[in-house]
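Below: one structure, written as structure tokens.
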Amino acid sequence: MMSRADHLKGVVLSLILALILLFSWQYLTESNSIQSHDISAENREYEILMGHTQATQQPDHNFPSPRQFALEAWQELKAPFHNTSTNDRGIGWQLGASLYRVIIGYGLAVLVAVPLGLLLGQQPILRAALNPFIQILRPISPLAWMPIALYTIKNAEECGIFVIFICSVWPILLNTSFGVSRLRKEWLDVAKTLELGWARRLWLIILPASAPTIVTGMRVGLGIAWLAIIAAEMLVGSSGIGYFVWNQWNNLSISNVILAVLLIGITGMILDTTFAALQRRVSYAE
Amino acid sequence: MASTLGAALSGIATQSHAAVPYPVEKKALKIGFVPISCAAPLIMAQAKGYFQDEGITVELRKTPGWALIRDNLLNGSFDASHLLSPMPLALSAGAGHTPHPVRAVTMQNINGQAITLALKHRERRDPRDWKGMTFAIPFEFSMHNLMLRAYLAHYGLDPDHDVTLRVTAPPEMVANLRAGNIDGFLGPEPFNQRAVINEIGFLHILTAEIWDGHPCCALGMTEEFIAENPNTYAAVQRAMIRAAAFMHKMENRLEAAQILSKPEYLNHSELVIRQGLTGHYADGLGNVKNNLHRAEFSPFPYYSSGVWMMEQMQRWGYIPRSVDSRNIVEQVFLLPDVRRQATALALADLPSPENTNYPDFQVLGVPFTASTYPSTQGTKP
């Protein structure tokens, strides 16, 4: 374990890193924000049409500076739950829509993968039979699933959920079956000696013993689900933080895209932290 | 289908749009759109309350791409949708898949697109010098693709071998132009003007200068939906015709630009949208230009323009030569219904339609006379 002093040093160091990042961002964007262009500037009407007037201020041709970013992000963040119409909802709604999809799709994946993994872990023949299928389906990108899903499911909302399901199910399944298959034989022998029924054997021995690997699989699966939903929403649209990124990209509003990217990162981190805590609770020393 | 429509529309002539002659079968509709200026009539029909006047509530669904629009229309997630005008023809003819009868309920807009080139090509204006360049188009079954191909071919380039055409979503066209991944694009507004204002591209030519009067986007429904909801179809058609009349009037364009710029519609700066709609614009090379034909609006889906699209899709191998173009076009473009509804509405702002269903036009100065275009099976009554 790290000492308190070391921990503090780590925090200070990451603060310094954040400041360096912020300053280099400021330096790189401010220095070229007033770029002269090689078009003759005599024509006033032309300048107005190009947006070069006092009234309409300099349009953001370049990457926004931290100050511009903060101003625009504040515009978005001060009303996160505004709801003008289905095509114009606040970023809070969008984040909620994405989390909702992830909860459904990922929940289904856990419900399918954990029991199946427990079964495969105890049945080596079945595991060998299914392994080639799993290995082929596992590396497929969420975006590659999208056209097939759209064509067969015929509902954009369910497609998003399906894509999360299909991407997060494999790590959970593989980790669960791996954890179960790796159980120490002596423990199962003890269960046999005590003549435990299958339910008690599952509950008292198999599940607690393989819990650390199962939770690791669930943690990896959730990370993948969060990656997949953003990509899927950028393609399918209608709502969600991925849709927000696309919609702001459509407007070429880089500030709002950065804001969304930051929020995606922070949400991902929070999700991962909860699983890290769960992982610590179920881990044990042999 | 024709008989149900006839029954549904027979009473139209004596009705005003405020009183709904027949109850609509489906009151709440989901209509998809892609956030580009071509969707102006659809958005006006919503924002100006024309749908409401017909007793229907519309939820407009902003959609990121044309493939998704197509899938959502075909699987029934959308009751109607903004489509690129070659899409209902290609879908009904079964280009690349099983035929799926889709109908063009009205056209939305005329002209309004442009070829934008990167600023580094400002001295390279002759298309004969464009060998090896890369251009972005929004979709294969689009007027953008067909017109860019026709333009390049007119100058002796083979669009399949001499240049690279890349299907790209419009906002990415601007980003790719900046990054230098593409040399230019034939895209929808507001993205041509956006490239100008961002000082990365210039307007090489407007599509109004290639073919003045070409249709671009349509409003589509599946034949199935129309057959099951004939009164809803008629109501949507009326609202779209009124919206076309609103957009046609030049005095309304500034208000339209304001509405379109809202976050729930195009989510784009009003300054950019306005220039595309009014034809008073900066060309990216330091000139202020005025072209009243830059963007126009008309609901009439004339058959001759459809025959041109079919011919071009056959020319580039999207649709087999054996397909009877005129037959498909006359089934897909619901011109007689649009004419009937427009006559009944008698809108002062709507330009009177052409006398013929096959008006002649010129593409790059070459006359196209579709009325003499051969039909292998003859025209269905």
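Return yes when residue A:143 is open to solvent by 10 Å² or more (accessible area, probe 1.4 Å), modelled with pLDDT under 85 and within 30 Å of residue A:131 (Cα to Cα) and no when it is not.
Working: open to solvent by 10 Å² or more (accessible area, probe 1.4 Å): yes; modelled with pLDDT under 85: yes; within 30 Å of residue A:131 (Cα to Cα): yes.
Considered against the rule, which asks whether it is open to solvent by 10 Å² or more (accessible area, probe 1.4 Å), modelled with pLDDT under 85 and within 30 Å of residue A:131 (Cα to Cα), residue A:143 comes out as yes.
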Count, please, the residues in region B:37-77 that happen to be in contact with a strand residue (DSSP E or B) (Cβ under 6 Å, 6 or more places away or on another chain) and among the acidic types (Asp, Glu). 1
Kindly indicate whether any position in region A:74-89 is modelled with pLDDT of 80 or more and open to solvent by less than 60 Å² (accessible area, probe 1.4 Å). no
For the structure I just gave you, tell me whether residue B:136 is in contact with a Ser or Thr (Cβ under 7 Å, 6 or more places away or on another chain), modelled with pLDDT under 95, of a type in the set (A, V, I, L, M, F, W, C) and in the same structural domain as residue B:169 (by TED's automatic domain parsing). yes
Residues being within 14 Å of chain A (Cβ to nearest Cβ), surrounded by fewer than 20 Cβ atoms within 10 Å (Cβ to Cβ) and more than 24 Å from residue B:252 (Cβ to Cβ) - total across region B:284-311: 3
Tally, over region B:80-101, of residues that are within 14 Å of chain A (Cβ to nearest Cβ) and touching a residue at least 40 places away in the same chain (Cβ under 8 Å): 4
Filter region B:274-293 for residues that are touching a residue at least 40 places away in the same chain (Cβ under 8 Å) and not in a strand (DSSP E or B) and give the result. B:275, B:276, B:277, B:283, B:284, B:285, B:291, B:292, B:293
Against the definition (open to solvent by 60 Å² or more (accessible area, probe 1.4 Å) and of a type in the set (Val, Ile, Thr)), how does residue A:190 come out, yes or no? yes
Of A:235, A:271, A:278, the only residue that is at the interface with chain B (Cβ under 10 Å from one of its Cβ atoms) and assigned to a helix (DSSP H, G or I) is A:235
Can you tell me how many residues in region A:90-111 are open to solvent by 10 Å² or more (accessible area, probe 1.4 Å) and over 19 Å from residue A:232 (Cβ atoms)? 2
Anything in region B:171-194 that is hydrophobic (A, V, I, L, M, F, W, C), within 13 Å of another protein chain (Cβ to nearest Cβ) and in contact (Cβ under 8 Å) with a residue 24 or more places away in the chain? List them, or say none. B:173, B:174, B:177, B:191
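So which helices (runs of 4 or more DSSP H) stay within region A:101-217 end to end and still have 1 or more residues that are under 25 Å from residue A:228 (Cβ atoms) and either touching a helix residue (DSSP H, G or I) at 6+ places or on another chain (Cβ under 6 Å) or within 14 Å of another protein chain (Cβ to nearest Cβ) (or both)?
On the way: elements: A:124-137, A:142-153, A:156-181, A:185-193, A:198-201.
Correct list: A:142-153, A:156-181.
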Test residue B:271 against the criterion of being open to solvent by 10 Å² or more (accessible area, probe 1.4 Å), within 14 Å of chain A (Cβ to nearest Cβ) and in a helix (DSSP H, G or I), and give yes or no. yes
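Kindly check whether there is at least one residue in region B:170-177 that is outside the structural domain of residue B:58 (by TED's automatic domain parsing), among the small types (Gly, Ala, Ser) and out of contact with any Lys or Arg (no Cβ under 9 Å at 6 or more places or on another chain). Spell out the reasoning first.
Of all residues in region B:170-177, those outside the structural domain of residue B:58 (by TED's automatic domain parsing) come to B:170-177.
Then keep just the ones that are among the small types (Gly, Ala, Ser); that gives B:175.
Retained after the next criterion (residues that are out of contact with any Lys or Arg (no Cβ under 9 Å at 6 or more places or on another chain)): B:175.
Yes, region B:170-177 contains a residue that is outside the structural domain of residue B:58 (by TED's automatic domain parsing), among the small types (Gly, Ala, Ser) and out of contact with any Lys or Arg (no Cβ under 9 Å at 6 or more places or on another chain).
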Counted residues, region B:60-79 - those being facing chain A (nearest Cβ under 7 Å) and either open to solvent by 20 Å² or more (accessible area, probe 1.4 Å) or in a loop (DSSP other than H, G, I, E, B) (or both): 6
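Every residue, every condition in (1) under 29 Å from residue A:139 (Cβ atoms); (2) in contact with a strand residue (DSSP E or B) (Cβ under 8 Å, 6 or more places away or on another chain); (3) modelled with pLDDT under 80; (4) crowded, with 18+ Cβ neighbours inside 10 Å, yes or no:
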| residue | (1), (2), (3), (4) |
| --- | --- |
| A:177 | yes, no, no, yes |
| A:195 | no, no, yes, no |
| A:222 | yes, no, no, yes |
| A:227 | yes, no, no, no |
| A:233 | yes, no, no, yes |
| A:239 | yes, yes, no, yes |
| A:244 | yes, no, no, yes |
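I'd like the full set of residues that are acidic (Asp, Glu) and out of contact with any helix residue (DSSP H, G or I) (no Cβ under 8 Å at 6 or more places or on another chain), limited to region B:162-171.
Taking region B:162-171 first, the residues acidic (Asp, Glu) are B:162.
If the condition is that a residue be acidic (Asp, Glu) and out of contact with any helix residue (DSSP H, G or I) (no Cβ under 8 Å at 6 or more places or on another chain), then no residue fits.
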Exclusive hit being away from chain A (no Cβ under 14 Å), touching a residue at least 12 places away in the same chain (Cβ under 8 Å), surrounded by 18 or more Cβ atoms within 10 Å (Cβ to Cβ) and hydroxyl-bearing (Ser, Thr, Tyr), set B:164, B:168, B:207: B:207
Among the listed residues B:43, B:56, which satisfies the condition of being closer than 24 Å to residue B:142 by Cβ, open to solvent by less than 20 Å² (accessible area, probe 1.4 Å) and either more than 12 Å from chain A (Cβ to nearest Cβ) or modelled with pLDDT of 90 or more (or both)? B:43
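The values are calculated or read from the model by the stated rules, or taken from the named source; none is laboratory data. These numbers come from a predicted model, not from an experiment. Every residue, glycine as well, gets a Cβ built from its backbone with ideal geometry; the counts of neighbours run over all protein chains shown. Calculation scope for accessible area: heavy atoms of the full protein, side chains included, ligands and nucleic acids excluded. Shrake-Rupley method; radii C 1.70, N 1.55, O 1.52, S 1.80 Å.
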